[in-house]
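A.B. asks: Take a look at the following structure, please.
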Amino acid sequence: MSPPAYLSLTVKTIISQMYQGINFASGGSGLADKTGLIGAGEVIPMSLQVQYFSKVVEFMQRLSGSKRTASLLSKSIFLISTGSNDMFEYSLSSGDGDDSKFLLGFVAAYKSYVRVLYRLGARKFSVVSITPLGCTPSQRARRLSQAGTRGCFGPINILALRSYPMLAAALRDLADELPGMAYSLSDSFAMVSFIFANPRTNAWSFTELESGCCGSGPFGALGCDETAPMCDNRDDHLFWDANHPTQAASAIAAQTLFTGNRTFVKPVNVRGLALL
């Protein structure tokens with residue numbers, strides 16, 4: 001289970017929970033402050049998430065002292081999974097935008113937040129890179145609408161694919177720069193591509209790789225709400241709705257992050273990161 005959301009905690013409950021884990025994430029948000037404001041509405045950007053975490057660190061220091069707080073944070077794992085929404089919004093609004101400029105800014109923002117978290121006491125980072133976003137139902141429907149052909153939407157997949165080596169290089173540089181920093185980086189593009197190439201194995205069986213379980217229209221990419229048609233078995237679908245994986249797919253991802261080999265997780269998996 002995910003730890004409870006920061007804003008769900010009271011002054012009393014945060015005292016015990018902050019020594020066990022807190023979720024600062026916000027659905028629909030991204031690295032940029034403006035990401036998600038139009039499409040998702042009221043979101044908590046990464047900058048504010050980090051501010052909330054800094055408040056928790058201050059609270060811990062007051063209660064437990066700087067030394068114990070630093071010790072606990074240095075052993076904790078900071079899971080970061082962000083950037084897909086930034087990429088979606090750039091792809092939808094850029095037209096003939098400068099992809100290289102976007103990716104450089106994307107990675108620079110990532111590095112700046114890791115540095116801030118490091119200054120606050122974080123040392124171990126589990127980073128989830130960008131999946132093949134062009135193969136989500138929403139982007140398959142986009143290609144069908146724009147080009148009249150089926151398949152993944154190429155331009156955003158190229159962005160996602162290009163982002164991985166840049167993010168990997170940035171994390172290597174940070175680990176060299178920041179004493180005691182360690183990280184585990186997933187190659188999420190490779191992970192999902194492997195499932196596309198191997199939909200049925202001893203560990204999983206997907207019979208639907210293109211359409212969402214919840215939604216209407218082409219590829220089930222429209223309106224996952226209380227009126228939407230549902231598939232009979234969500235566990236045989238890779239996608240739950242227009243953009244998100246099913247629980248079955250997420251379970252595979254979590255297991256791979258934790259125990260996967262260097263094909264998908266480098267330089268160590270999360271289990272190895274925890275043992276450092």
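Only the coordinates and a few stated rules stand behind these numbers; no lab work does. As the structure is a computational prediction, the values presented were derived from the model and not from experiment. No Cβ is skipped: glycine too gets one built from the backbone with ideal geometry, and neighbour counts run over all protein chains shown.
A.B. asks: Report the rotationally averaged projected area of the chain based on its alpha-carbon convex hull, in square nanometres.
C.D. replies: Taking a quarter of the hull surface, the average projection is 15.5 nm².
A.B. asks: Report the convex hull volume per residue for the stretch 69-113, counting only C-alpha atoms, in Å³.
C.D. replies: Taking the convex hull of the Cα positions in the stretch 69-113, it is 73 Å³ per residue.
A.B. asks: Compute the relative contact order of the chain as a whole-number percentage, counting only Cα pairs closer than 8 Å that sit 6 or more residues apart in sequence.
C.D. replies: 14
A.B. asks: How many angstrom lie between the Cα centre of the stretch 100-166 and the Cα centre of the stretch 169-184?
C.D. replies: For the stretch 100-166 versus the stretch 169-184, the Cα centre distance is 20 Å.
A.B. asks: What is the set of long-range amide H partners of S184 at a cut-off below 5 Å, with H atoms built 1.01 Å from backbone N?
C.D. replies: F125, S126, V127
A.B. asks: Take the cross-link list K67/K111; K55/K124; K75/K111; K12/K75; K67/K124 and give me the ones stretching past 22 Å between alpha-carbons.
C.D. replies: In this structure, K67/K111; K12/K75 exceed 22 Å between Cα atoms.
A.B. asks: Which residue fluctuates the most in the chain, going by a Gaussian network model with Cα springs under 10 Å, if the choices are S188, S216, S126?
C.D. replies: S216
A.B. asks: For the stretch 9-16, take each phi angle, set θ = phi - 60°, evaluate the Karplus expression 6.51 cos²θ - 1.76 cosθ + 1.60, and give the result in whole Hz per residue in order, putting x for glycine and proline.
C.D. replies: Calculated HN-Hα couplings, in order: 8, 9, 4, 6, 6, 5, 4, 7 Hz.
A.B. asks: Lys and Arg at +1, Asp and Glu at -1: add these up for the other residues within a Cβ distance under 15 Å of R200 and post the number.
C.D. replies: Counting the neighbours of R200, the net charge comes to -3.
A.B. asks: Could you give the length gained on full extension between L161 and T263, defined as 0.36 nm per residue of separation minus the Cα-Cα distance, in nm?
C.D. replies: Net length gain for the segment: 35.2 nm.
A.B. asks: So what's the gap between the Cα centers of the stretch 7-41 and the stretch 198-272, to the nearest angstrom?
C.D. replies: 24
A.B. asks: For the stretch 174-276, which GluC sites (Glu not before Pro) pass both filters: DSSP loop (anything but H, G, I, E, B) and at most 13 other C-beta atoms within 10 Å?
C.D. replies: E226
A.B. asks: Along the Cα→Cβ direction, 7 angstrom out, place labels at E226 and L104. What is the inter-label distance in nm?
C.D. replies: The modelled label-to-label distance comes out at 5.0 nm.
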